[in-house]
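Engineer: Next up is a structure, given as structure tokens.
The values are calculated or read from the model by the stated rules, or taken from the named source; none is laboratory data. Values in this document were obtained by computation on a predicted structure and should not be read as measured data. Here the Cβ positions follow ideal geometry from the backbone for every residue, glycine too, while neighbour counts run over all protein chains shown.
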Amino acid sequence: MISPKKYAKAAKVSPNGFKTTNEFFNYVFKDEEMIWMGQNTNHLHDHSEIAEAMIDCINEGNYCKYPPPEGFPELKELVVRDLGLGDGFEALITAGGTESLYLCMNDILEPEDNAITCDPGYLIIDNFASRFACSVISIPIYSRECGYKLTPELVLENMDRNTHMVSLIDPLNPLGSSYTKDEIKAFADIANDHDIYLLHDITYRDFAMDHHLAADYAPEKTVTVYSFSKIYGMAGLRIGAIVATSDLIESIKSIVINDLGTNVISQAGAIAALRSKNRWVDRIRNTTFRNQKIIKDAVDEVDGAFIPVYPSSGNMMAIDIHKTGVDPLDLADYLLKRKIFVRQGAYTSRAFGDRYIRLSFSIPREQVEIFAENFVDVMEFLRPSN
């Protein structure tokens, strides 16, 4: 038997009634009545020119050919232009933001390095960093005192001579917290002054009312992770990018595994999405933002429950139910029985996962209203009797 690698992912706990997580996700995927609030996906796009571009790609038979290995030049240019970055920056097209994260850490981190992340956060980042660095310092940030986010002060307190990378998820999955311009500048100063890299994951950037790029202030020390999964509604198509200076991109290219290129159909959709973005982005952003109020009103009805970060700068939020006595896993299970898919907190936090559920809301308003009604009802049912 092959021994597990030291960095193997911890086995995920399957929801009640399912043998494996794969069986569970197949179940929720196949159920067309399921209200999908568990994976931060975006269900607000119409059958638009994005879909039409992919259908045309299929009808023309272009999927029979390999694409350029680094991505179609038009798509690379559109990504950089979308971020407003100038000359000297380049995009490398990847099979999603997760592959981008892996490639960045593989290229930048050495065995003697440590990396700084935060808890709560996107735990796969910690897993990837542990494969290439000596250690991962996961800083607890589930606190009003730090604004439920990693701060420059916390980084300075926890870094040492071996720190080589700081991960900034901005806006932060699962809480929806984000950074001011001054905070981003402070992180950039740390990177420049201490010769470390900022891994700036901006997957949820377009849902934020205000957002700032670390690459504007520390261009030589920032790798920006870009995804088409969320605002573009293309999660199942697995396409993203890494954006950095040409020197950094050239280095990352040297460890690429997928050297035959990223899915042709996905790239066709991504090009159409970027070309058409100004025609639909405000509608999706505004609908997503308004949906938060429906959830907030429902949470306010439940004694002991609260939203740590409101309004969220992303398309997701956490609902803290710790003081109610209700287990987040039980809540997620009961909502699933009512065809509402949310995630219990352990998916995004080792230290605080027993306190909250995480849910996304870039879905039709009517579905958010169904969640709100059921959340109040199920919480009353599950609350322990005094």
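Engineer: Answer yes or no: is there a residue in segment 316-334 that is within 23 Å of GLY233 (Cβ to Cβ), in the same structural domain as ASP31 (by TED's automatic domain parsing) and either free of Cβ contacts under 8 Å to residues at least 24 places away in the same chain or touching an Asp or Glu at 6+ places or on another chain (Cβ under 9 Å) (or both). Reasoning before the result, please.
Structural biologist: To start, the set of residues in segment 316-334 that are within 23 Å of GLY233 (Cβ to Cβ) comprises 316-318.
Still in the list and also in the same structural domain as ASP31 (by TED's automatic domain parsing): 316-318.
Cutting the leftovers down to either free of Cβ contacts under 8 Å to residues at least 24 places away in the same chain or touching an Asp or Glu at 6+ places or on another chain (Cβ under 9 Å) (or both) gives us none.
No, segment 316-334 has no match at all.
Engineer: Moving to a separate point now. Out of the residues in segment 275-285 that are over 19 Å from the mean Cα position of the chain (by Cα) and not acidic (Asp, Glu), state the one that is surrounded by the most Cβ atoms within 10 Å (Cβ to Cβ).
Structural biologist: Within segment 275-285, the subset over 19 Å from the mean Cα position of the chain (by Cα) is 275-280, 282-283.
Among the residues that remain, those that are also not acidic (Asp, Glu) are: 275-280, 283.
On the way: ARG275: 14, SER276: 15, LYS277: 17, ASN278: 8, ARG279: 10, TRP280: 19, ARG283: 12.
Per the stated criteria, the residue is TRP280.
Engineer: Right, here's the next one. Scan (1) under 21 Å from the mean Cα position of the chain (by Cα); (2) surrounded by fewer than 16 Cβ atoms within 10 Å (Cβ to Cβ); (3) over 17 Å from GLY233 (Cβ atoms) for the single condition PRO68 breaks and write down its number.
Structural biologist: Here PRO68 clears every test but (1).
Engineer: Right, something else. Could you check segment 147-187 and list, in sequence order, the residues that are crowded, with 24+ Cβ neighbours inside 10 Å, outside any strand (DSSP E or B) and β-branched (Val, Ile, Thr)?
Structural biologist: Within segment 147-187, ILE184 is the sole residue that qualifies.
Engineer: While we're here: May I ask you to verify whether ARG279 is touching a residue at least 40 places away in the same chain (Cβ under 8 Å) and either closer than 30 Å to HIS47 by Cα or not hydrophobic (A, V, I, L, M, F, W, C) (or both)?
Structural biologist: Details: touching a residue at least 40 places away in the same chain (Cβ under 8 Å): no; either closer than 30 Å to HIS47 by Cα or not hydrophobic (A, V, I, L, M, F, W, C) (or both): yes.
Against the criterion (touching a residue at least 40 places away in the same chain (Cβ under 8 Å) and either closer than 30 Å to HIS47 by Cα or not hydrophobic (A, V, I, L, M, F, W, C) (or both)), ARG279 does not qualify.
Engineer: Could I ask something else about it? For segment 93-136, how many residues meet the condition of being in a strand (DSSP E or B) and within 27 Å of MET316 (Cα to Cα)? Please lay out each step first, then the result.
Structural biologist: From segment 93-136, those in a strand (DSSP E or B) are 93-94, 114-119, 135-136; that's our starting set.
Adding the requirement that they be within 27 Å of MET316 (Cα to Cα) leaves 93-94, 115-119, 136.
Of the residues in segment 93-136, 8 are in a strand (DSSP E or B) and within 27 Å of MET316 (Cα to Cα).
Engineer: Something else: Tell me the residue from GLY314, GLY304 that is assigned to a loop (DSSP other than H, G, I, E, B) and buried (at least 19 other Cβ atoms within 10 Å of the Cβ), please.
Structural biologist: That would be GLY314, the only listed residue that is assigned to a loop (DSSP other than H, G, I, E, B) and buried (at least 19 other Cβ atoms within 10 Å of the Cβ).
Engineer: Count, please, the residues in segment 38-88 that happen to be farther than 22 Å from THR203 by Cα, β-branched (Val, Ile, Thr) and touching a residue at least 40 places away in the same chain (Cβ under 8 Å).
Structural biologist: 1
Engineer: Determine whether segment 252-265 contains at least one residue that is under 22 Å from the mean Cα position of the chain (by Cα), assigned by TED's automatic domain parsing to the domain that holds SER167 and crowded, with 24+ Cβ neighbours inside 10 Å.
Structural biologist: Taking segment 252-265 as the starting set, the residues that turn out to be under 22 Å from the mean Cα position of the chain (by Cα) are 252, 256, 258, 262-263.
Next, from what is left, pick out any that are assigned by TED's automatic domain parsing to the domain that holds SER167: 252, 256, 258, 262-263.
Applying the additional criterion that residues be crowded, with 24+ Cβ neighbours inside 10 Å yields 262.
Yes - at least one qualifying residue is present in segment 252-265.
Engineer: Sticking with this structure for a sec: Going by what's in this entry, would ALA129 be described as surrounded by fewer than 22 Cβ atoms within 10 Å (Cβ to Cβ) and in the same structural domain as LYS185 (by TED's automatic domain parsing)? Walk me through how you get there before you give the answer.
Structural biologist: Values: surrounded by fewer than 22 Cβ atoms within 10 Å (Cβ to Cβ): no; in the same structural domain as LYS185 (by TED's automatic domain parsing): yes.
It is false that ALA129 is surrounded by fewer than 22 Cβ atoms within 10 Å (Cβ to Cβ) and in the same structural domain as LYS185 (by TED's automatic domain parsing).
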